[in-house]
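What follows is a set of notes on a single structure, which appears directly below.
Every number here is computed from the coordinates shown, using simple stated rules; none is lab data. Quick caveat: nothing in here was measured; it's all calculated off a predicted structure. All Cβ positions, even for glycine, are placed from backbone atoms using ideal geometry, and neighbour counts span all protein chains on display.
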Amino acid sequence: MKPVPETKPVVVVGGGWAGIAAAVELARHDIPVILLESAKQLGGRARSVNIDELHVDNGQHMLLGAYESTLDLLRKIGVNENDVLQRRPLSLQWYQLGKKPVSLNTPKLPAPFHLVWALLTLTGLSLRDRLSALRFARQLEKTSFTIDDDCSVADFLARHQQSSALIHALWEPLCIGALNTHLHEASAQVFLRTLGDSFSHARSDSDLLLTRTNLGSVLPKPAADYIETHKGSVRLGQRVSTLCIENGSITGITIDNTSIAATEVILATPHTTTRRLLGSHISLQETCKQMARLQDRPICTVYLQFDKTVRLGRWLRGSLGTVSQWVFDRGLYGQHGLMAVVISGDGEHQQWDNQKLCARVAAEIATQYPQWPAPRSQQVIREKRATFASTVNVNQHRPNAETAVQGLWLAGDYTNTHLPATLEGAVRSGRHSAQQIISAHQRQRRQQQEKA
């Protein structure tokens, strides 16, 4: 009997959550893997960073109970959900200047009754608007939260006669929070998919999952340990410069003047980086043209350090009609008095310098919480390309995992998952590409064993 040839390592380029998910899935199936990351740490845009004396996340990321692939990934690398996440029923509140706050709370009822109750008991909106939101939700349920022809969320809401007050107080903040794209340009298809995943299946799908620690400790670190204890390799500070392609097949990658041979590569890099790496290869030009239509949207996070006795009173609170959109109390991580103020999407704030931005945010916070003292310090993190823009018909421009080059696969939240730019979308894309390789390896092994 002839021995089965040793499997060559799969190279995964990009150590964000998509690349991590792909590498873990390959390692879990005993396929050698090399995970390459250009930065000095894993995590991509969902990583922990040090700013002066602050250790914070590169923006505040929310997880939902519907993130099945993310939760499954954590379980498979030996992370207990209860050790790193706090699960709470969905409870959102938005501040309105001079008006009663808008509050949305889901009770512990089976889906979709939890949504029915939440909409009926909305505070800060008239009974007419609450009933209108409920009718709208029931119509969405009848169509399984799908539409055939895409349009903007603004047009879709107008078509369903949602009032301006209801849009302003509920649908607009949910849309910008979920899609990082404003109503007038956001894809109704993607928005409805997000609502359906959260509210149409199990009640627990709408739960908020609060991380007990920084994101770097939730997935990147335990995942790296898992990969390396399963014969994989994690290499940081490795920027891939070129793809080596011969006769329609991938043969390896180049880092500076060093080459790594590989017959299978997963590109789990941002779409702009992926386009650059694909651009010089004729067979991949159509994919590049498709991806060129993708746009990016920013997220800005302002960290304000108040006296350690300052509390928000809840871990998260929204704000309507202000530059500031969400305030997160970092006391959850033991950083008492530290507030993370998130501003998603485009806006005039992008043109301001950090001093002006911090002054505006601090003034808005002072209006909402006049009893708080002035912040002691402030820091700003700007992600100019935080997410791809979930614009109308965006799914038509998102590439599939498989490419025209044999052995070359794409992963990332921008690929055609039909989800917005979320951690769950990134994880699903990485696992999908890895599973295609795993299936091919299993078929190859069976064939080799049969021949032997």
The Cα extents of the range 315-387 along the principal axes, largest first and rounded to whole Å, are 30, 24, 23
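Give, in nm to one decimal, the length gained when the segment between residue 135 and residue 393 is fully stretched (0.36 nm per residue of separation minus the Cα-Cα distance). Spell out each step's value before the answer.
Numbers: separation 258, 0.36 × 258 = 92.88 nm, distance 2.58 nm.
Residue separation times 0.36 nm, minus the Cα-Cα distance, leaves 90.3 nm.
Percent relative contact order of the range 90-206, based on C-alpha pairs within less than 8 angstrom and at least six residues apart? Before the final figure, lay out each step's value.
Numbers: 151 pairs, mean separation 30.9, N = 117.
About 26 percent, as a whole number.
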Between residue 314 and residue 159, what is the spin-label point distance in nm, taking each point 7 Å from the Cα along the Cα→C-beta axis?
3.2
Can you compute the modelled spin-label distance between residue 105 and residue 443, with each label point 7 Å from Cα toward Cβ, in nm?
5.4
To check my understanding: the extent here is largest minus smallest coordinate of the Cα atoms along each principal axis. What are those three numbers for the range 90-206, in Å, largest first?
37, 32, 25
Measuring from centroid to centroid over Cα atoms, what is the spacing of the range 310-376 and the range 60-120 in Å?
21
Magnitude of the Cβ-charge dipole (Lys and Arg +1, Asp and Glu -1) of the chain about the Cα centre, nearest 20 debye, reported as 580
Starting from the Cα of residue 356, draw a straight line to each of the lysines and keep only those under 26 Å, dropping any in the same chain fewer than 8 residues away.
308, 384
Among 435, 111, 326 the positive-end extreme of the charge dipole of the chain (Cβ point charges)
111
Please report, ordered by residue number, every helix of the chain (full DSSP H runs) that is 20 Å or longer along its axis going by C-alpha atoms and whose mean Kyte-Doolittle hydropathy reaches -1.0.
127-142, 354-368
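Can you tell me the relative contact order of the range 298-452? Whole percent, Cα pairs under 8 Å, sequence separation 6 or more.
Details: 215 pairs, mean separation 32.7, N = 155.
Over the range 298-452, the number comes to 21 percent.
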On a straight-distance basis, which lysines could pair with residue 142 in a cross-link, Cα separation under 24 angstrom, same-chain partners fewer than 8 positions away excluded?
108
Positive end of the charge dipole of the chain (Lys, Arg +1 and Asp, Glu -1 on Cβ, about the Cα centre): tell me which of 223, 259, 233 has its Cα farthest that way.
223
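Which three semi-axes in whole Å describe the equivalent ellipsoid of the range 257-322, each the square root of 5 times a Cα gyration tensor eigenvalue, listed largest first? Write out the running numbers ahead of the final one.
Values: eigenvalues 381, 68, 20 Å².
The three semi-axes for the range 257-322 are 44, 18, 10 Å.
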For Cα extents along the principal axes in Å the list reads [x] 61, 45, 42; [y] 72, 57, 42; [z] 78, 51, 40; the calculated value is entry [z]
Tell me the mean residue ellipticity at 222 nm calculated for the chain from its helices only (DSSP H runs of n ≥ 4, each -39500 (n - 2.57), averaged over every residue, nearest 500).
-10000 deg cm²/dmol
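Given Cα pairs under 8 Å that are at least 6 residues apart, what percent is the relative contact order of the chain? Present the calculation step by step, with values, prior to reporting the outcome.
On the way: 900 pairs, mean separation 105.4, N = 452.
This gives 23 percent for the chain.
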